[in-house]
Amino acid sequence: MLLEFIAMIAAAFGVAGLVLLLNRLTGRRLPKWALPAGIAAVMLGFGVWSEYSWFRRVSATLDPGVEVVASYAGGAPWRPWSYLVPVTDRFVAADTGRMVRHATADGQRFLNAYWFQRWGRTRLATLMIDCAGGRGIELPPGAPFPVEAVPAESDWRPLPYDDPILAAACKEA
């Protein structure tokens, strides 16, 4: 967030310099509102560009084998244009490239899942997915990967049939 703010300020200084240069080249004939209007336009434009390009920029930096399995777009009152063209502000990625099959339990997989949010922290979880049972369990942080033991039946959580992480983990099951 701080780097984006610095970039926006730099863009504002850049356009201010261009407007001042243009004003000097035209013999100081530009209206007085040209400078603040130019700065406001570039700052608003940079903010809109930053919001709309966030998903593309972040998803392009994912490691090979990490695939985006779901993205969520929406609008907000403070950016009314996003009701016309929704902004993707969060997404889920699954590390299927390093997914591991359970050594003894058929149809069970271990993988890391990431939840990215535009103005929030990225959440990482190591999951154990049971493809046949349509259920999953989040392993405690630092748990060995993969776990050899099968968790107790009460530890499992049923997953909806259209869960994107379940679909990614079980697509070749």
Number of the exception - residue 119 against (1) touching a residue at least 60 places away in the same chain (Cβ under 8 Å); (2) closer than 18 Å to residue 67 by Cβ: (2)
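The rows are residues; the columns are (1) in the same structural domain as residue 122 (by TED's automatic domain parsing); (2) surrounded by 12 or more Cβ atoms within 10 Å (Cβ to Cβ); (3) farther than 30 Å from residue 121 by Cβ.
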| position | (1), (2), (3) |
| --- | --- |
| 6 | no, no, no |
| 15 | no, yes, yes |
| 19 | no, yes, yes |
| 23 | no, yes, yes |
| 27 | no, no, yes |
| 31 | no, no, yes |
| 34 | no, yes, yes |
| 39 | no, yes, yes |
| 43 | no, yes, no |
Subset of region 117-173 that is assigned to a helix (DSSP H, G or I) and of a type outside the set (Gly, Ala, Ser) - its residue that is surrounded by the fewest Cβ atoms within 10 Å (Cβ to Cβ): 153
Residue 63 being within 30 Å of residue 128 (Cβ to Cβ), surrounded by 13 or more Cβ atoms within 10 Å (Cβ to Cβ) and under 22 Å from the mean Cα position of the chain (by Cα): no
Residue, farthest from residue 122 (Cα to Cα), within region 65-92, restricted to residues that are of a type in the set (A, V, I, L, M) and part of a strand (DSSP E or B): 76
Residues being in a strand (DSSP E or B) and in contact with a Cys (Cβ under 8 Å, 6 or more places away or on another chain) - total across region 93-108: 1
Test: residue in region 42-64 that is touching a helix residue (DSSP H, G or I) at 6+ places or on another chain (Cβ under 8 Å), of a type in the set (Asp, Glu), assigned to a strand (DSSP E or B) and under 30 Å from residue 167 (Cα atoms): no
Count - residues of region 86-116 that are out of contact with any strand residue (DSSP E or B) (no Cβ under 9 Å at 6 or more places or on another chain) and either free of Cβ contacts under 8 Å to residues at least 40 places away in the same chain or buried (at least 20 other Cβ atoms within 10 Å of the Cβ) (or both): 1
Subset of region 131-173 that is touching a Pro at 6+ places or on another chain (Cβ under 9 Å) and of a type outside the set (A, V, I, L, M, F, W, C) - its residue that is nearest to residue 66 (Cα to Cα): 136
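The values are calculated or read from the model by the stated rules, or taken from the named source; none is laboratory data. This one's a predicted model, so the numbers in the text were calculated from it and none came from an experiment. Counting neighbours? That spans all protein chains shown, and the Cβs are built from the backbone with ideal geometry, glycine included.
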